[in-house]
Amino acid sequence: MTATTASTGLRVADLAAAAGVSTDTIRYYEKAGLLPPPARTASGYRSYDTTAVDRLHFIQGAQRLDLRLKQIGDLLAVRDTGTCPCEPAEAMLQRRLAEIDTEMARLAALRAELTAMAEALPSPACPDPAPGTWRPPAPDTERGGDPS
């Protein structure tokens, strides 16, 4: 950081380089409320203090855990009070783990279904589909049968 940057803060490009993100990402986080609005220079440039780099690293770490921006904002709000965000973070992470477990179960069921379909093909009992169609057999109602 140069002497000029130290006295005036970090411009958006400097902050982006220091945190390894794009300037658009910084502006987006600012609009989303994850980064507080920075001071402005006399010429209107954004001037971030060095704590913004730490804040961006926190956001990036939370995103690696697949937390939503709203959740990250909630954690930052607790962190900004000076209180340890451990308790809210634990509850949030437990909820996220439950969501992941649910999604993994759904994907495992989908995988089993796809595997069964793939193993059943090709089959001598598999008729050629009519042109423009590829779907499961129609219910009895489409075949003219009684729907009850």
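The values are calculated or read from the model by the stated rules, or taken from the named source; none is laboratory data. Just so you know, these numbers come straight off a predicted model, no measurement behind them. Don't worry about glycine lacking a Cβ; one is built from the backbone with ideal geometry, like all the others, and counts go over all protein chains shown.
In the range 42-64, how many are closer than 13 Å to Gly9 by Cα, touching a residue at least 24 places away in the same chain (Cβ under 8 Å) and in a helix (DSSP H, G or I)?
2
Can you tell me which residues in the range 35-57 are surrounded by 16 or more Cβ atoms within 10 Å (Cβ to Cβ), of a type outside the set (A, V, I, L, M) and touching a Lys or Arg at 6+ places or on another chain (Cβ under 8 Å)?
Those that are surrounded by 16 or more Cβ atoms within 10 Å (Cβ to Cβ), of a type outside the set (A, V, I, L, M) and touching a Lys or Arg at 6+ places or on another chain (Cβ under 8 Å): Pro38, Arg46, Ser47, Tyr48.
Where residues in the range 18-41 are more than 20 Å from Gly73 (Cβ to Cβ) and either part of a loop (DSSP other than H, G, I, E, B) or acidic (Asp, Glu) (or both), which of them is modelled with the lowest pLDDT?
Taking the candidates together, the pick is Thr41.
Among residues belonging to the range 47-68 that are touching a strand residue (DSSP E or B) at 6+ places or on another chain (Cβ under 8 Å) and among the polar types (S, T, N, Q), point out the one that is nearest to Asp24 (Cα to Cα).
It comes out as Ser47.
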